[in-house]
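Novice: For reference, the structure I am asking about is given below.
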Amino acid sequence: MSGFDLGLSIFLGVGLAAATGFRVFLPMLVVSVASYTGHLALGDSFAWLGTPAALTMLGAAALAEIAAYYIPGIDNLLDVLATPAAFVAGTIVSAAVMTDLPPMVKWTAAIIAGGGVAGLTQGVTATLRANSTVFTGGIGNLVLATAELGGALLVSLLALAAPLAALAVVILFLWLAIRLLSRLLRAAHRSNSQK
């Protein structure tokens, strides 16, 4: 494997991992479909992701997760559960697509880069949802759930087609989200100090 292919493999893994920070099961379903249809090669120990059984289970889990994020109160509870799940899912999808790497390098990159970016993305979206719940009484959470769903799908598909572009989208999202959160926190601090 050339250095360029190795880099693309890692960027693909990190892009897919970031998508699991938006929705845990949807990116895994995209990987499963891509593997099942022959559009994505997975490592030998991850061939199970491209089986009909995995497609069925991940499809059902993705639909349930998508629907649950539109139920007020449940969405905040899911964020508590999704944070560790995103880390695990991000590590798995990263390792699955990082083929032809020595196991030590693959798992180190999958855990640090894949799991790390998945945890970071999930942490930012959970913080946005918590602030949305406080500032909008949960009404804004529906918009946020739709944006997260679109983000998970966009980043997953983009990671398969153009891994570097997917990584750029994730970096842009994180930058914008952190700016928005800092503005919200400054506004909340100003309103508390005026009381």
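Computed from the coordinates by the stated procedures, all read-outs in this text should not be read as laboratory data. In this text the structure is predicted, and so the values were computed from the model without any measurement. Here Cβ is always computed from backbone atoms with ideal geometry, including for glycine, and neighbour counts include all displayed protein chains.
Novice: Going by alpha carbons, how many degrees (0 to 90, nearest 10) lie between the helix axis of 52-68 and the longest principal axis of the chain?
Specialist: Here the helix axis deviates by roughly 10 degrees.
Novice: Highest GNM mean-square fluctuation, the chain, Cα pairs closer than 10 Å: which of SER32, SER182, SER132?
Specialist: Its mean-square fluctuation being the largest, the pick is SER182.
Novice: May I ask you to evaluate 6.51 cos²θ - 1.76 cosθ + 1.60, the Karplus curve with θ = phi - 60°, for each residue of segment 71-77 and list the ³J(HN,Hα) values in order in whole Hz, giving x for glycine and proline?
Specialist: Along segment 71-77, the couplings run 9, x, x, 5, 4, 5, 5 Hz.
Novice: When a footprinting reagent is the concern and you count Cβ atoms within 10 Å, what order do ASP44, ASP79, ASP100 take, fewest first? Please list the in-between numbers first.
Specialist: Values: ASP44 7, ASP79 20, ASP100 11.
Final ranking by Cβ density, sparse to dense: ASP44, ASP100, ASP79.
Novice: Through the Karplus equation 6.51 cos²θ - 1.76 cosθ + 1.60, θ set to phi - 60°, convert the phi angles of segment 95-108 into ³J(HN,Hα) values in whole Hz; use x for Gly and Pro.
Specialist: Each residue of segment 95-108 in turn: 5, 5, 9, 8, 8, 6, 10, x, x, 5, 5, 4, 6, 5 Hz.
Novice: Using a Gaussian network model on the chain with a 10 Å cutoff between Cα atoms, which of GLY90, GLY138, GLY116 fluctuates the most?
Specialist: Sorting by GNM fluctuation, first place goes to GLY138.
Novice: Using only the C-alpha atoms of the chain, find the volume of their convex hull and express it per residue in Å³. The partial results should precede the final answer.
Specialist: Numbers: hull volume 21.1 nm³, N = 195.
Dividing the Cα hull volume of the chain by its residue count gives 108 Å³.
Novice: Then there is this: Determine the gain in length on full extension of the stretch TYR70-SER45; use 0.36 nm per residue of separation and subtract their C-alpha separation, reporting nm with one decimal. The partial results should precede the final answer.
Specialist: Numbers: separation 25, 0.36 × 25 = 9.00 nm, distance 3.47 nm.
Here the segment from TYR70 to SER45 would lengthen by 5.5 nm.
Novice: Please state the Cα pair-distance histogram of segment 1-106 with 5 angstrom bins from zero: what percent is in each bin?
Specialist: Bin by bin from 0 Å, the calculated values are 2, 13, 21, 23, 18, 11, 7, 3, 1, 0.
Novice: For segment 92-180, what does the equivalent ellipsoid look like in terms of its semi-axes, each the square root of 5 times an eigenvalue of the Cα gyration tensor, given largest first in whole Å?
Specialist: Values: eigenvalues 166, 39, 23 Å².
Computed over segment 92-180, the values are 29, 14, 11 Å.
Novice: Which Cα, out of LEU185, ILE74, HIS39, lies furthest along the positive dipole direction of segment 3-194 (beta carbon charges, K/R +1, D/E -1)?
Specialist: The listed residue farthest towards the positive side: LEU185.
Novice: Which order results if VAL80, VAL93, VAL155, VAL170 are arranged by neighbouring Cβ count within 10 Å, fewest first?
Specialist: Final ranking by Cβ density, sparse to dense: VAL80, VAL170, VAL155, VAL93.
Novice: Starting from the Cα gyration tensor of segment 6-49, multiply each eigenvalue by 5, take the square root, and state the resulting semi-axes largest first in whole Å. Walk me through the numbers on the way to the answer.
Specialist: Numbers: eigenvalues 52, 41, 15 Å².
They are 16, 14, 9 Å, listed from largest to smallest.
Novice: Something else now. Please give the contour-minus-distance gain from MET104 to ALA177: 0.36 nm per residue of separation, less the Cα-Cα distance, rounded to one decimal in nm.
Specialist: On the way: separation 73, 0.36 × 73 = 26.28 nm, distance 3.31 nm.
Extra length available between MET104 and ALA177 comes to 23.0 nm.
Novice: What is the magnitude of the charge dipole of the chain about its Cα centre, with +1 placed on the Cβ of each Lys and Arg, -1 on the Cβ of each Asp and Glu, and no other charges, expressed in debye to the nearest 20? Don't jump to the answer; show the numbers that get you there.
Specialist: Working: 8 positive and 7 negative charges, 172 e Å.
Dipole size: approximately 820 debye.
Novice: Taking the number of other C-beta atoms within 10 Å as the exposure measure, put ARG23, ARG186 in order starting with the fewest.
Specialist: Exposure proxy ranking, most exposed first: ARG186, ARG23.
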